[in-house]
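The values are calculated or read from the model by the stated rules, or taken from the named source; none is laboratory data. Not measured: the values here are computed from a predicted model. Virtual Cβ from ideal backbone geometry, glycine too; neighbours counted across all protein chains shown.
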Amino acid sequence: MSKSKLRSKILNLRKKNLYKKLSLYPERIYQFIKKNKINFKNVGGYYPCNYEIDDLKVLNFLRNKGSNISLPIIRENNQMDFFEFTNSDPLKINKYGIAEPISAKKIYPDIIFVPLVAYDEALNRLGYGGGFYDRYLEKIGKIKKIFKIGLGFSYQELKKIPIDKYDKKLDLVITEKKIIQ
């Protein structure tokens, strides 16, 4: 099945499952990060939309443990960078309908929480098709090592995601039921 057909199928499934109150467990994620000695000084997240799994509780939990939190801002030429975000900061809505921080302080995350449409056990991710995260991960990978965590629902797991040379693997996928590494 093509990426676009898989994307459409999973997005419809995610919309239908909206009524289920599925969530992540911030304490469990924090314990995993600490146990594996993953640097979490600077954490990049996302503002959930399109029925994505909500990472805001995890981000707030990590902020309370000393992390600097950042959210992406989409730039010209489909580029993306992460900028500081606190709970008291105002947000603006971009041309895709996604909330972005107004902050001018760029942050290079040590950990990045990546939204996904689908994933597989080999830690491949199917995104929305714009390539924003793949381009960002390629760019930041030249600056520093970053730990990439995909966040999704267990029902978004597929047997195998079709990939191409531009797709970046995740280091970990966390769902409401399990951690895949």
Exercise. Taking ILE163, is it closer than 14 Å to GLY45 by Cα, surrounded by 15 or more Cβ atoms within 10 Å (Cβ to Cβ) and among the β-branched types (Val, Ile, Thr)?
Worked result: no
Seminar exercise, completed: Residue count, the range 131-181, condition among the hydroxyl-bearing types (Ser, Thr, Tyr) and without any contact (Cβ under 8 Å) to a residue 12 or more places away in the chain, comes to 0
Problem set entry | Top-ranked residue of the range 52-86 - restricted to ones that are exposed (fewer than 15 other Cβ atoms within 10 Å of the Cβ) and touching a helix residue (DSSP H, G or I) at 6+ places or on another chain (Cβ under 7 Å), ranked as nearest to ILE140 (Cα to Cα) | GLN79
For this session: Only one of these is small (Gly, Ala, Ser) and under 16 Å from the mean Cα position of the chain (by Cα): SER70, SER88. Name it.
Result: SER70
For this session: Output yes when any residue across the range 98-115 is more than 15 Å from GLY44 (Cβ to Cβ) and either in contact with a helix residue (DSSP H, G or I) (Cβ under 6 Å, 6 or more places away or on another chain) or among the aromatic types (Phe, Trp, Tyr) (or both), and no when none is.
Result: no
For this session: Would you check which residues across the range 39-51 are exposed (fewer than 15 other Cβ atoms within 10 Å of the Cβ) and closer than 17 Å to TYR133 by Cβ and list them?
Result: CYS49, ASN50
Seminar exercise, completed: Here the qualifying pairs (Cβ atoms under 7 Å; residues six or more apart or on different chains; first in the range 98-119 and touching a residue at least 24 places away in the same chain (Cβ under 8 Å); second part of a strand (DSSP E or B) and of a type in the set (Ser, Thr, Tyr)) come out as ILE107/SER70; PRO109/SER70
For this session: State whether the residues of the range 89-96 include one that is under 26 Å from ILE180 (Cα atoms) and touching a residue at least 40 places away in the same chain (Cβ under 8 Å).
Result: no
Exercise. Do we have TYR136 as exposed (fewer than 12 other Cβ atoms within 10 Å of the Cβ) and aromatic (Phe, Trp, Tyr) here?
Worked result: no
For this session: Assess whether TYR136 counts as being modelled with pLDDT under 90 and not in a loop (DSSP other than H, G, I, E, B).
Result: no
For this session: Answer with yes or no whether TYR108 is among the aromatic types (Phe, Trp, Tyr), in contact with a Lys or Arg (Cβ under 8 Å, 6 or more places away or on another chain) and within 26 Å of PRO162 (Cβ to Cβ).
Result: no
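Provide a single number: the residues in the range 91-132 that are among the aliphatic types (A, V, I, L, M) and surrounded by 15 or more Cβ atoms within 10 Å (Cβ to Cβ).
11
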Exercise. Name the pairs whose Cβ atoms lie under 9 Å apart, with the first residue in the range 74-88 and within 19 Å of LEU59 (Cβ to Cβ), the second basic (Lys, Arg) and in a strand (DSSP E or B), and 6 or more positions between them or separate chains?
Worked result: ASP81/LYS106; PHE82/LYS106; PHE83/LYS106; GLU84/LYS106
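Go through the range 139-160 and count every residue that is crowded, with 16+ Cβ neighbours inside 10 Å and either touching a His at 6+ places or on another chain (Cβ under 8 Å) or part of a helix (DSSP H, G or I) (or both).
Qualifying residue count, the range 139-160: 3.
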